[in-house]
Each structure stands twice: as C-alpha cells, then as structure tokens.
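Scroll down for the structure; my scribbles are underneath it.
The values are calculated or read from the model by the stated rules, or taken from the named source; none is laboratory data. Everything quoted here is computed from the prediction, not taken from an experiment. Cβ: placed from backbone, ideal geometry, glycine included. Neighbour counts: every protein chain shown. SASA here: full protein model, heavy atoms, side chains in, ligands and nucleic acids out. Shrake-Rupley method; radii C 1.70, N 1.55, O 1.52, S 1.80 Å.
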Amino acid sequence: MLYFIGLGLSYETDITVRGLNAIRNCSRVYLEHYTSILMTASLEELEEFYGKKVTLADRELVESGAEEILRDADKEDVAFLVVGDVFGATTHTDLVLRAKQRNLPVEVIHNASVMNAVGSCGLQLYNFGQTISMVFFTDSWRPDSWYDKIWENRKIGLHTLVLLDIKVKEQSIENMARGRLIYEPPRYMTIAQCCEQLLEIEETRETKAYTPDTPCVAISRLGSASQSFKAGTIDELAQYDSGEPLHSLVILGRQTHELEIEYLLEFCDNREKFKQDVINDQEYFKPAAWVPPQEDDE
Ligand SMILES: C[S@@+](CC[C@H](N)C(=O)[O-])C[C@H]1O[C@@H](n2cnc3c(N)ncnc32)[C@H](O)[C@@H]1O
C-alpha cells in the first residue's frame with residue numbers, strides 16, 4: 001500500500017492516530033520537503049516519535065525519482081508524508097496518479113491544511129475564491145499571472161488566499177551551471193516581501209485589481225504556539241515584521257460580512273481606520289448598479 005499521509009500544521013503530534021498507525025507498519029517513509037515545513041518538529045524528532053527512519057523527499061526525488069518512492073508499494077507499505085494535507089499543494093496529485101497508473105494500492109489519510117485552518121483569522125471559508133501562490137521575484141523573472149486571479153475573485157466579492165514561496169533546497173545559478181550540488185540556505189517569503197511584490201505589479205498593470213489601501217490579513221505560523229494575525233492595508237503590511245515562517249496573506253473581498261470585520265478588528269492597530277479602509281475598498285470595488293432590461297413597448 002502507498003499511504004499519502006497529511007501531518008497537520010505544526011507539531012509531530014498533529015498526525016492522526018490512523019496516520020501514525022499506518023507509518024508504524026511501513027518499510028519506507030518519505031517526508032515531502034519542498035512545498036512546506038513542519039514548524040515545530042525536526043526530522044530527528046519525527047523519527048523518534050514514529051520509531052522509523054524518515055527520508056526527506058526534495059522536488060527532484062518526487063518529480064524525477066518517483067520510481068524509488070513507488071517501488072514495491074504493491075508488496076509492502078510505504079508512506080509519503082505531506083505537511084498540512086496531502087492535497088493542500090497541487091503537486092501531489094501527480095504522484096497519486098502515477099501510483100494508480102501502476103495499479104499500486106493507494107490510501108490517503110487527511111489532516112488539517114492551511115487551506116481550511118486559515119478560517120481562524122475570522123474570515124469565512126465559504127467566502128474565498130481562487131488561491132494564488134506568490135513566488136520570489138528575481139531580476140529577470142517577475143511572474144504575475146496571479147494578478148488576474150485576484151481580479152476575478154474581487155470582481156465577485158471573494159477573498160483571496162495568497163500562499164508565499166519557500167525555497168528549502170535551492171542551487172545558485174552559478175552552482176547549477178557548474179553542476180555543483182551546493183545548496184543555498186533556506187528562504188521563506190515574508191509578508192512584507194509579498195506586499196511589496198503585490199504593489200509592484202499593481203503599479204505596472206494599473207487595472208486596480210486592488211489598491212495600496214486594500215485591507216488584508218497576515219497569517220503567521222498557523223497552528224503553532226506562536227500563531228499570529230495582523231490586519232492592515234497592503235501598504236501597511238509592506239512594513240510589517242512577520243517574524244519566523246510560515247506566512248500566508250488574505251486579500252479581503254468586497255462581500256466581507258460584518259462578523260468577519262468584527263473578528264478582524266482584534267488584529268489591527270487602529271480599529272476606526274481599518275473599518276473605514278474596508279468601507280472605502282468595498283465602495284471602490286462596488287459593482288455597477290443593476291439596470292433592468294428595457295421593456296420593448298412595441
Ligand atoms: C504549497 S503550500 C502547502 C500547503 C500544505 N500542504 C497544507 O495543506 O497546509 C505551502 C504554503 O502554505 C502556507 N502555509 C502552510 N502552512 C502554513 C502555516 N502553518 N501558517 C501560515 N502559512 C502556512 C505558506 O505560505 C507556505 O509557503
């Protein structure tokens with residue numbers, strides 16, 4: 001059996017009882033290690049807790065060396081662990097499909113994901129639109145296809161969850177070109193970096209999917225003892241020190257409910273200003289008034 005097991009958001013003990021039991025019967029255990037990190041447990045702590053050796057699976061192993069992970073999964077139990085939920089990142093459906101194409105038995109054991117735990121900032125999950133990923137800009141690569149998705153979400157009044165890039169095993173261009181397997185220290189995008197990139201692309205596009213005054217909420221270290229939320233405009237959060245990773249951002253939609261706003265007021269510096277920012281943003285993005293179709297009198 002190939003088990004895909006979600007680990008939850010933070011602690012080694014966030015795993016479900018069913019997930020833990022499955023791991024204990026596995027002959028090989030892989031931990032996916034490029035889309036997210038378990039914030040409060042090291043590899044050694046996980047190994048001790050499971051009583052098993054755990055192999056870190058980087059992007060190369062999962063995408064190019066998948067055969068190694070799938071090997072003999074019809075004869076023995078193998079576990080592929082994912083921080084959060086298995087399907088909280090888009091990449092893992094590919095591995096599930098490959099296993100199914102080889103007729104390997106697959107079982108998924110779910111867990112909490114940033115995609116649902118984000119509700120603890122007070123915004124209702126039912127009011128979210130498409131999630132976007134913000135990648136680190138480089139001098140020559142500043143992708144902005146996410147901008148259109150924010151625009152689409154905001155046009156129909158929905159919130160946008162922005163997941164922030166992490167680079168845990170990255171080679172410099174020079175080391176890559178020279179074939180040297182030397183990796184840069186891990187990097188995690190901060191809320192301020194994300195907001196600066198949002199502002200830069202709005203300045204280039206100028207179609208006002210959002211403005212510097214659009215209200216947002218910064219979500220840091222969700223599910224850990226130090227989880228924190230900060231509500232403010234994009235401009236304000238571009239100055240915010242979000243601390244240790246991991247971080248996500250939510251750009252508010254126009255349909256923000258008054259209970260959602262009340263919840264968010266706990267997390268802002270100036271309640272009156274934040275309320276006014278929400279009203280101004282809603283006014284700005286208000287859809288054109290509905291005009292009934294003209295009756296044809298003839
Ligand atoms: C590609 S997603 C993977 C999500 C994961 N599989 C899950 O289901 O939660 C990784 C990104 O989600 C966000 N994220 C994940 N866990 C988080 C947490 N505990 N607090 C805040 N943001 C988090 C960060 O932006 C991180 O870079």
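Table for the structure above
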| read-out | value |
| --- | --- |
| Only one of GLU76, GLU44 that is surrounded by fewer than 19 Cβ atoms within 10 Å (Cβ to Cβ), outside any loop (DSSP other than H, G, I, E, B) and not assigned by the TED database to the domain that holds LEU164 | GLU44 |
| First in the range 111-133 and part of a loop (DSSP other than H, G, I, E, B), second anywhere and buried (at least 18 other Cβ atoms within 10 Å of the Cβ) and among the polar types (S, T, N, Q), Cβ under 8 Å, 6 or more apart | LEU123/THR256; GLY129/ASN153; GLY129/THR160; GLN130/ASN153; GLN130/THR160; THR131/THR160 |
| Matching residues in the range 197-223 - criterion: being of a type in the set (Asp, Glu) and within 16 Å of the ligand (Cβ to nearest atom) | none |
| Positions within the range 200-212 being out of contact with any Ser or Thr (no Cβ under 8 Å at 6 or more places or on another chain) and surrounded by fewer than 17 Cβ atoms within 10 Å (Cβ to Cβ), in sequence order | GLU200, GLU203, THR204, ARG205, GLU206, THR207, LYS208, THR211 |
| The lone exception for LEU95 - which of (1) more than 16 Å from the ligand (Cβ to nearest atom); (2) modelled with pLDDT of 90 or more; (3) farther than 12 Å from ILE5 by Cα; (4) of a type outside the set (Lys, Arg) it fails | (1) |
| Set ALA89, ALA112, ALA79: member being near the ligand (Cβ under 8 Å from one of its atoms), at pLDDT 95 or above and either of a type in the set (A, V, I, L, M) or more than 20 Å from the chain's Cα centre (by Cα) (or both) | ALA112 |
| Pair list, Cβ under 8 Å, 6 or more apart: the range 81-99 residue touching a residue at least 12 places away in the same chain (Cβ under 8 Å) and open to solvent by less than 10 Å² (accessible area, probe 1.4 Å), other residue among the hydroxyl-bearing types (Ser, Thr, Tyr) and within 11 Å of the ligand (Cβ to nearest atom) | VAL82/THR35; VAL82/SER36; GLY84/SER36; GLY84/SER113 |
